Every structure is written in structure tokens, then in C-alpha cells.
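**Student:** First the structure, which I've put down as C-alpha cells, then a few questions once you've had a look.
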Amino acid sequence: MGELILIRHGQTEWSLSGRHAGRTDVPLTEAGEAAAESLAPRLAERDLVAVFSSPLSRAVRTAELAGLTGVRADPDLVEWDYGGYEGLTAAQIRETRPGWELWRDGVVPGDSAHPGERLRQVAARTDAVLERVRPLLDEGDVAVVAHGHLARVLTVRWLGLDASAARLLGHPHPGTLGFLATEEEQPFIAAWNVP
């Protein structure tokens, strides 16, 4: 059985400053582009039978620079819709909501472009991705280019855990790889935050 390879998009100005970038289409920085290019040799070694990407340009550009071909855009891979917290850092949010924690407290509604999303909605999207990906793993590896919080939710759902368990995973660094695998039909994390 193949591995599910999670690729977090390269660095953006917002990821560098800690701003929540859900649906806002923020481009890669030069460092983000360089990190994406550096993934190409490692990914070229893999037998990829399918590649899926968030349709946001930071993910699509990462896939392109990493040398991935035949990439299919999947709207279920878009980052969490942070609603009224879009563009804010955790510190800014805690100024008005002391003790705020995304996994426990969620987000507040925003404007029509950022209505906000509950954790269970993000989990439902990642479950749909996994349902489409699992049969393909019988043929080889599958790569997914996505975003930090979404990748954490997808990973814990791969493990069969509640989406709130994503708080236990370290945030994947921009431009890194994660490898999800199975052994004797049991899912596990083979590697995380691989540059």
C-alpha cells in the first residue's frame, strides 16, 4: 500500500507573521518558492499515482515548483475558513478573547467572503478527501498539497481520531512533507515536518 504524502504550501508573508490565512489567496514569498523547489528531488523518487491540491495559488504554485504533474484541484483541501479571524494573529484574537484556542473555541463569523467554519465542517471535508484517496493508495503513493490546520485535521482523521485531537500535532512548517501510512491495516504517521 502506498503512502499519503502531505505537502504544506511554502511560506507566505502571512505564515511568516502568524496571520490566519484561510480563504485569502496569499502568494508565496521567495523563501516559500525556494522551499517548494527543494521538495522536487524527494518527490521525484516516489511512485505518485495521483496528486491533489487546494485550489488556492499558494498550494498550486507549491505543487508546480515541487515538480508535480497531473495535479487535480480539490476544493475540500482549502484551509479552514477563519471567518472574522481571517488575517489576524492568535495574539490579536486573544486581545478581545483572552485564552482563545482555535481547536476548543473555533472562530467567529466574518463577512460574506469569510463566513467562518466549525471544526466539524473542516473534518467533514477532510473525511471526503480521505474517502477519495484511500482506494488510490492500493496503486501507489498519493500527494496532497494543502495548508497547516487542514493538514493537521486530515492527519488525525487518517488515524481515526476526533478532529479536536489535531491540537496534539505540531503545526507543519511551510514547505515541508508529512507521510501517512499503514502497517497491518493500522494507520500511523511515518514522518512529520520533513524539509
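**Student:** Per-residue HN-Hα couplings for the stretch 91-97, Karplus 6.51 cos²θ - 1.76 cosθ + 1.60 at θ = phi - 60°, whole Hz, x for Gly and Pro?
**Tutor:** 4, 5, 5, 5, 5, 9, 9
**Student:** Among DSSP beta bridges whose residues both lie in the chain, state the antiparallel percentage, nearest 5.
**Tutor:** DSSP beta bridges in the chain are roughly 45 percent antiparallel.
**Student:** Amide H of Ser53 versus every other amide H placed in the peptide plane: which residues, excluding those fewer than 5 positions away on the same chain, fall under 5 Å?
**Tutor:** Residues meeting the criterion, in which the H sits 1.01 Å from N, are Arg72, Ala73, Asp74, Val145.
**Student:** Choose one answer from Thr96, Thr126, Thr62: the residue with the largest mean-square fluctuation in a GNM of the chain with alpha-carbon springs under 10 Å.
**Tutor:** Greatest mean-square fluctuation among the candidates belongs to Thr96.
**Student:** Quick check: net charge around Glu101, other residues with Cβ under 11 Å of its Cβ, Lys/Arg +1 and Asp/Glu -1?
**Tutor:** Here the count lands on +3.
**Student:** Can you give the angle from 0 to 90° between the axis of helix 148-158 and the longest principal axis of the chain, with both taken from C-alpha atoms, to the nearest 10?
**Tutor:** 60 degrees
**Student:** Along the Cα→Cβ direction, 7 angstrom out, place labels at Asp127 and Trp103. What is the inter-label distance in nm?
**Tutor:** Taking the simple label geometry, Asp127 and Trp103 are separated by 1.9 nm.
**Student:** Can I ask one more? Using the alpha-carbon atoms, what tilt in degrees (0 to 90, nearest 10) does helix 119-133 show relative to the longest principal axis of the chain?
**Tutor:** 10 degrees
**Student:** When averaged across all projection directions, what area in nm² does the alpha-carbon convex hull of the chain cover?
**Tutor:** Average projection, Cα convex hull of the chain: 10.0 nm².
**Student:** Another one. Please turn the phi angles of the stretch 62-72 into ³J(HN,Hα) values with the Karplus equation 6.51 cos²θ - 1.76 cosθ + 1.60 (θ = phi - 60°), one per residue in order, whole Hz, x for glycine and proline.
**Tutor:** Working through the residues one at a time gives 4, 4, 4, 5, 7, x, 7, 10, x, 6, 10 Hz.
Read-outs: derived from the displayed coordinates by stated rules, not from any lab. This one's a predicted model, so the numbers in the text were calculated from it and none came from an experiment. Cβ sites come from the backbone with ideal geometry, for glycine too, and all protein chains shown count toward neighbours.
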